[in-house]
Ligand SMILES: *[C@@H]1O[C@H](CO)[C@@H](O)[C@H](O)[C@H]1NC(C)=O
Ligand SMILES: *[C@@H]1O[C@H](CO)[C@@H](O)[C@H](O)[C@H]1NC(C)=O
């Protein structure tokens, strides 16, 4: 009883604090002296119709009060843990550069990936390079975690740490800094694969069936699960809430779903170039879609049902005929992997 009473008091206190904060925010939004609100004066003005005006707007916006979800980009966030010669070697430029998005604290997840689909030597005769891209941890545990990261990196040499706060809303920065790294240290990689860490991946199928090492390198190639004409979430508090101030249009451009998409090296470099001029939004996959639209490039559909954006129960034969399954936890990955590698099962 006593405990419940305390909980109630706590809830009431938290509730009123939250309401107070909300009032503060609402008041601020109504206040005419906040300059950032008049930057996107009407939703009729689609930024894509005015690419040059847009670029100046980007900087105008950022010198004023930024929206909490606004991203500071372009910006010279430094590489704090780096491997400049990752792509060098006797076998030349990698066929596939895997940029795996993880958070600093995800030590166990990285270990599971290294032992399973992240294994660079899994596909014979093809050079694959893997880097885990991460930002800075929250100040609370920063020092302890940083020492652990450096130790982890001494052992595996596969971390790319960038100097910005590692939060969900900064994911776009992670992807763009990954591409910047590629442009600087690995510009002749044939393909770049952006992948999240909560997936199952079948690198053999990706390389042999989708990318085809002996085929031509298509300069405008990008594939993944394609989302067409999706509508932004406008309900505050939703994980993917998109404030109209940051993106006023009613539809997103066609884009490949964030859990995993693969693009040719030349296209990756061009995406990075236009990304310097387009206003960055925190939904990284949608932002890449905006860059593609600007470039006039359409995503190529993958073989049917090969990029699954929702969980699927493990099945040896089914998993051999697809590229990616989203929402697979590391324990499960480690558990299914030995069976996945068994060669004596006929499908
Ligand atoms: C990676 O795969 C190769 C070939 O299948 C295997 O010999 C090696 O032990 C694997 N490495 C790890 C870290 O699992
Ligand atoms: C993104 O990182 C920057 C630089 O560390 C930080 O100031 C900002 O708060 C982060 N933004 C979000 C939305 O997390």
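Every number in this text was worked out from the coordinates using simple rules, so none of it is lab data. All of these numbers come straight from a predicted model, not from anything done at the bench. We place every Cβ from the backbone using ideal geometry, glycine too, and count neighbours over all the protein chains shown.
In table form, for the structure just shown:
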| quantity | calculated |
| --- | --- |
| For the stretch 150-259: rounded, prolate or oblate by the Cα gyration tensor [a/c cutoff 1.5] | oblate |
| Within the stretch 78-341, percent of DSSP bridges classed antiparallel, to nearest 5 | 45 percent |
| Residues 279, 177, 239, 298, sorted so that the one with the fewest Cβ neighbours within 10 Å comes first | 239, 298, 279, 177 |
| Cβ-derived FRET efficiency at R0 41 Å, residue 341 paired with residue 80, nearest 0.05 | 0.75 |
| Computed E for residue 125/residue 295 - FRET, C-beta separation, R0 30 angstrom, nearest 0.05 | 0.40 |
| Least to most buried among 285, 125, 254, 315 (fewest other Cβ within 10 Å first) | 125, 315, 254, 285 |
| Taking 319, 141, 79, 132 and counting other C-beta atoms within 10 Å, the order from fewest to most | 141, 79, 319, 132 |
| Mean separation of Cα contacts under 8 Å (6+ apart) over length of the stretch 78-341, as relative contact order % | 23 percent |
| Rough spin-label spacing in nm, given labels placed 7 Å along Cα→Cβ, for residue 167 and residue 238 | 2.1 nm |
| Equivalent ellipsoid dimensions for the stretch 78-341 as semi-axes, Å, which come from the Cα gyration tensor, largest first | 25, 23, 20 |
